[in-house]
Amino acid sequence: MRKNIVAGNWKMNTTYQDGLALVSEITNMVQDEVTGPNEVQVVICPPFPFLAAIGKQLPASSRFHLGAQNCSQKESGAYTGEVSAKMLESVGCEYVILGHSERRQYFREDDELLSQKLKAVLAAGLKPIFCVGESLETREADDTFTFIGKQLQDGLFHLSNEEFEQVVIAYEPIWAIGTGKTATSAQAQEVHAFIREQIARAYDAEAASNTSILYGGSANAQNARELFSQPDVDGGLIGGASLKSRDFTEIIKSF
Ligand SMILES: O=C(CO)COP(=O)(O)O
């Protein structure tokens, strides 16, 4: 079912101590300040080593959820340095970010690998937050829709209807990530509507209307309200601003 979600992707930031302090500030502020029936789901995605401890610190409410930033495509075994979906599930993770542009770019994750990772995540009963998004070059060449259509087709739409029900999509234009250059709400809405249309084609109208599509890329306490007011923007995948408890809480309050 379509939900409003604000997910914090901490990336490779914070120490264990800073991470615990941050999450305690966030949960306190959110519990004090976010009330009312308009439930927003909050997903905290810290680095692997802190997952178990941070998971324990999240209040036992239906609002807070734990997410990982990546996961191995392999189930278990001799894969030094890898972390499996089952391990993530066993420490309380419910979500896993997959296909982030930083993973695609710096770790050469392609559609084939991402397809395997998706299968592994779903097999462990976790929900993927699958990222798509174009570079500045692609946008300037007017190829945004073709590019994103292909990312969806080749990376995601091989899933069955039942598998796809578990998926959250994040639209993260690469030119907006960490640059302070946010997509305008109209630019975000246009791509989100396109993504929803592609889901309707690949699956059906019900799947399209049930899928949460998050925006990511320099979203902050100032622009979140405008972005979230768009009909096809169901929340945000927040990088930099998720590392500041006050900013992250304000973003959560922006619905
Ligand atoms: O990549 C992002 C979230 O996954 C967005 O990062 P920023 O919010 O720092 O631009």
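The values are calculated or read from the model by the stated rules, or taken from the named source; none is laboratory data. Remember, it's a predicted structure, so these values are computed and weren't measured experimentally. Cβ sites come from the backbone with ideal geometry, for glycine too, and all protein chains shown count toward neighbours. Only protein heavy atoms, including side chains, enter the accessible area calculation; ligands, DNA and RNA are left aside. Shrake-Rupley method; radii C 1.70, N 1.55, O 1.52, S 1.80 Å.
Considering (1) within 23 Å of L22 (Cα to Cα); (2) within 16 Å of the ligand (Cβ to nearest atom); (3) of a type outside the set (S, T, Y); (4) surrounded by 15 or more Cβ atoms within 10 Å (Cβ to Cβ), say which one Q222 fails and leave the rest.
(4)
State the number of residues belonging to segment 53-112 that are part of a strand (DSSP E or B) and in contact with a Lys or Arg (Cβ under 7 Å, 6 or more places away or on another chain).
3
Could you look through segment 195-219, keep only residues that are part of a helix (DSSP H, G or I) and aliphatic (A, V, I, L, M), and pick out the one that is most open to solvent (accessible area, probe 1.4 Å)?
So the residue we want is A205.
Just give me the residues in segment 158-184 being touching a strand residue (DSSP E or B) at 6+ places or on another chain (Cβ under 9 Å) and polar (S, T, N, Q), in sequence order.
Across segment 158-184, the qualifying residues are Q166, T182.
Could you figure out which of (1) modelled with pLDDT under 95; (2) open to solvent by 10 Å² or more (accessible area, probe 1.4 Å) isn't true of V30?
Condition not satisfied by V30: (2).
Filter segment 109-147 down to the residues that are touching a Phe, Trp or Tyr at 6+ places or on another chain (Cβ under 7 Å) and closer than 22 Å to G180 by Cα, then identify the one that is surrounded by the fewest Cβ atoms within 10 Å (Cβ to Cβ).
Once the filter is applied, the top-ranked residue is L136.
Name every residue in segment 97-108 that is among the basic types (K, R) and buried (at least 19 other Cβ atoms within 10 Å of the Cβ), in order of residue number.
R104 - this is the single residue of segment 97-108 that is among the basic types (K, R) and buried (at least 19 other Cβ atoms within 10 Å of the Cβ).
Residues of segment 1-20 being open to solvent by 70 Å² or more (accessible area, probe 1.4 Å) and free of Cβ contacts under 8 Å to residues at least 12 places away in the same chain, which ones?
Matches in segment 1-20: Q17, D18.
Looking at K244, is it surrounded by fewer than 20 Cβ atoms within 10 Å (Cβ to Cβ), within 20 Å of S101 (Cα to Cα), within 13 Å of the ligand (Cβ to nearest atom) and more than 17 Å from the chain's Cα centre (by Cα)?
Considered against the rule, which asks whether it is surrounded by fewer than 20 Cβ atoms within 10 Å (Cβ to Cβ), within 20 Å of S101 (Cα to Cα), within 13 Å of the ligand (Cβ to nearest atom) and more than 17 Å from the chain's Cα centre (by Cα), K244 comes out as no.
Can you tell me how many residues within segment 149-194 are in a helix (DSSP H, G or I), crowded, with 21+ Cβ neighbours inside 10 Å and in contact with an Asp or Glu (Cβ under 7 Å, 6 or more places away or on another chain)?
2
Is at least one residue of segment 177-187 within 30 Å of N161 (Cα to Cα) and within 15 Å of the ligand (Cβ to nearest atom)?
Yes, that holds for at least one residue.
Taking I54, is it within 16 Å of the ligand (Cβ to nearest atom), touching a Leu at 6+ places or on another chain (Cβ under 8 Å), modelled with pLDDT of 95 or more and not hydroxyl-bearing (S, T, Y)?
No; evaluated as a whole, the condition is false for this residue.
Just for segment 225-240: of the residues that are within 9 Å of the ligand (Cβ to nearest atom) and closer than 14 Å to V43 by Cα, which one is most open to solvent (accessible area, probe 1.4 Å)?
Among residues in segment 225-240 that are within 9 Å of the ligand (Cβ to nearest atom) and closer than 14 Å to V43 by Cα, the one most open to solvent (accessible area, probe 1.4 Å) is G239.
Is it true that some residue in segment 242-249 is in a strand (DSSP E or B), β-branched (V, I, T) and closer than 24 Å to M29 by Cβ?
No; the residues of segment 242-249 include none that is in a strand (DSSP E or B), β-branched (V, I, T) and closer than 24 Å to M29 by Cβ.
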